[in-house]
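Peer 1: This structure is in structure tokens; I'll ask about it shortly.
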Amino acid sequence: MVLGELSLKELICGDHYLVCVGTELRSDDAAGLRLCELLVSRGFPEDRVIKCEFGLENCMSFIEESSVKNALIVDAALVRGQEETPDYFIASIDSINDAVALVTTHSMPIKLVVELLRSEGLFKDVWVLGIVARNLDLGEEISPEVQETINYLADLIIKTLSTCITK
């Protein structure tokens, strides 16, 4: 389910938007929002970042206005049924099954929202960067483990971005 760094490079150096999903109200559920905020503060192009608080369905109109064809959805996730839970994963939206749950308070299933966007000619290539949540209690504080993963991913993505050839 996890892509190699070469594929991450294709996502970061290509024309994929980062679509950051989460809520500040449930601890680690804010991981997607926090990662994208950190990336923008460190130089990731702000025009390639879409912030979707509380669920992907809440920014469908902005996605349509921006004509987003390729997206990397960044969200907190739960992974079930594995002996060793990863800190994060990158997977095609189509490969995500019942063993993975994106935990944001989506009022509509994320795959349904993606299908609606695809029917409008958007979201042709969609990947998920799932940051595995450790604490979903009410509160605004990210768990130390998830904060460490956010910092690691920010470093990795910014390093990857620096290898992109600009035209």
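Each value in this text was obtained by applying a stated rule to the coordinates, not by laboratory testing. Predicted model only: the values in this text are computed from it and were never measured. All Cβ positions, even for glycine, are placed from backbone atoms using ideal geometry, and neighbour counts span all protein chains on display.
Peer 1: Quick check for the chain: number of Lys pairs with alpha-carbon distance under 17 Å, counting only pairs 8 or more apart or on different chains?
Peer 2: 6
Peer 1: Turning to a different aspect of this structure: Based on DSSP H assignment, which helices of the chain show an axial Cα extent of at least 24 Å together with a mean Kyte-Doolittle hydropathy greater than or equal to -0.5?
Peer 2: Span-like helices in the chain: 144-162.
Peer 1: Report the local net charge at residue 59: Lys and Arg +1, Asp and Glu -1, summed over other residues whose C-beta lies under 11 Å from its C-beta.
Peer 2: Around residue 59, the surrounding residues sum to -3.
Peer 1: Sorted by average packing, counted as other Cβ atoms within 10 angstrom per residue and highest first, what order do 109-118, 52-61 take?
Peer 2: Ranked from most to least packed, the peptides come out as 52-61, 109-118.
Peer 1: How large, in Å, is segment 5-162 by the Kirkwood hydrodynamic radius built from its alpha-carbon pairs?
Peer 2: When all Cα pairs of segment 5-162 are included, the Kirkwood radius is 15.4 Å.
Peer 1: Here is a follow-up. Which percent, nearest 5, of DSSP beta bridges in segment 5-162 are antiparallel?
Peer 2: If I count the DSSP bridges inside segment 5-162, around 30 percent turn out antiparallel.
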